[in-house]
Amino acid sequence: MLLIVWLALTYLVAAFPFGLWIGLACAGVDPRQAGSRNTGATNVARLCGTKCGVAVLVLDLLKGFLPVVLGAAFSNSWIFLSLVGLTALLGHMRSVFLYGRGGKGVATTIGVFLAYAPLAALLAVAVCVLVIKRTGYVSAGSLALAASLPVALLATGNPAYIPVSLVVAAWIAWRHRENISRLLAGEEKSWRKAS
Ligand code: G3P
């Protein structure tokens, strides 16, 4: 029962639309109406400045990190903790406060995997940063991060979280399907360009 209550709480907290709230509070901008129309850190940075984007990044990351770390106090089972991570992503990507809409899940994924396996998560973040630096596209870095997570988990001796990482990689790729089309067409926006 306690575990189910924890999953419900995780969903609710992860559904907090920090990108929307910070966009409105910092610059009076609704990120759903401008730029890529995503409520994530990249679009908020694009529309409202780097500081606002970083604030969204940190808060969205914590939505994944804290439920897993605190949930481990109830059960250390990798199955339960995998469910907590997926529930956090569900809350973030399908927020009840945004009528089922939400972000693309990258910051929350980083938080979840920092809690599961910090070294693997940091390796995936390093891959992400390298790809962003080379291409100029956050979406390309996000996709590289998602794809490298299973490999990083294997390389760092954390095979228990490979199944959830595969689900997350597929989910993130699906959420980025419009970015993928734009990348393939050479029409993707740099994080700096709002239009
Ligand atoms: O994490 C989201 C990022 O990968 C893409 O954001 O706003 O360019 O679609 P955006």
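The values are calculated or read from the model by the stated rules, or taken from the named source; none is laboratory data. A quick note: this is a predicted structure, and the numbers were derived from the prediction, not measured. Methodologically, a virtual Cβ is constructed for each residue, glycine included, from the backbone with ideal geometry; neighbour enumeration extends over all protein chains shown. Surface accessibility is based on the protein's heavy atoms, side chains included, excluding ligands, DNA and RNA. Shrake-Rupley method; radii C 1.70, N 1.55, O 1.52, S 1.80 Å.
Out of curiosity, is residue 115 part of a helix (DSSP H, G or I), within 20 Å of residue 59 (Cβ to Cβ) and within 16 Å of the ligand (Cβ to nearest atom)?
Here the answer is no, as residue 115 does not meet what is asked.
Please go through the range 116-125 and pick out each residue that is open to solvent by 30 Å² or more (accessible area, probe 1.4 Å) and aliphatic (A, V, I, L, M).
Answer for the range 116-125, where residues must be open to solvent by 30 Å² or more (accessible area, probe 1.4 Å) and aliphatic (A, V, I, L, M): 119, 122, 123, 125.
Does at least one position in the range 64-71 carry a residue that is within 15 Å of the ligand (Cβ to nearest atom) and either among the hydroxyl-bearing types (Ser, Thr, Tyr) or open to solvent by 20 Å² or more (accessible area, probe 1.4 Å) (or both)?
Looking for residues that are within 15 Å of the ligand (Cβ to nearest atom) and either among the hydroxyl-bearing types (Ser, Thr, Tyr) or open to solvent by 20 Å² or more (accessible area, probe 1.4 Å) (or both), one finds none in the range 64-71, hence no.
Among the numbered criteria (1) assigned to a helix (DSSP H, G or I); (2) without any contact (Cβ under 8 Å) to a residue 60 or more places away in the chain; (3) more than 13 Å from the ligand (Cβ to nearest atom), which one does residue 100 miss?
(1) is the only condition that residue 100 fails.
Give me a count of the residues in the range 67-94 that are among the basic types (Lys, Arg) and closer than 14 Å to residue 117 by Cβ.
Of the residues in the range 67-94, 0 are among the basic types (Lys, Arg) and closer than 14 Å to residue 117 by Cβ.
Return yes when residue 26 is more than 23 Å from residue 171 (Cβ to Cβ) and more than 16 Å from the ligand (Cβ to nearest atom) and no when it is not.
It is true that residue 26 is more than 23 Å from residue 171 (Cβ to Cβ) and more than 16 Å from the ligand (Cβ to nearest atom).
What is the number of the single condition among (1) open to solvent by 20 Å² or more (accessible area, probe 1.4 Å); (2) farther than 21 Å from residue 67 by Cα; (3) not aromatic (Phe, Trp, Tyr) that residue 141 does not meet?
Only one criterion in (1) open to solvent by 20 Å² or more (accessible area, probe 1.4 Å); (2) farther than 21 Å from residue 67 by Cα; (3) not aromatic (Phe, Trp, Tyr) is unmet by residue 141, namely (1).
So residue 59 clears everything in (1) open to solvent by less than 40 Å² (accessible area, probe 1.4 Å); (2) touching a Phe, Trp or Tyr at 6+ places or on another chain (Cβ under 7 Å) except one condition, right? Which one?
(1)
Please list, ordered by residue number, the helices (runs of 4 or more DSSP H) wholly in the range 1-74 having 3 or more residues that are under 18 Å from residue 164 (Cβ atoms).
2-14, 50-71
Could you please tell me which pairs satisfy a Cβ distance under 7 Å, a separation of 6+ or placement on different chains, a first residue in the range 82-94 that is open to solvent by 30 Å² or more (accessible area, probe 1.4 Å), and a second residue that is β-branched (Val, Ile, Thr)?
Note: pairs meeting the criteria are 86/164; 86/167.
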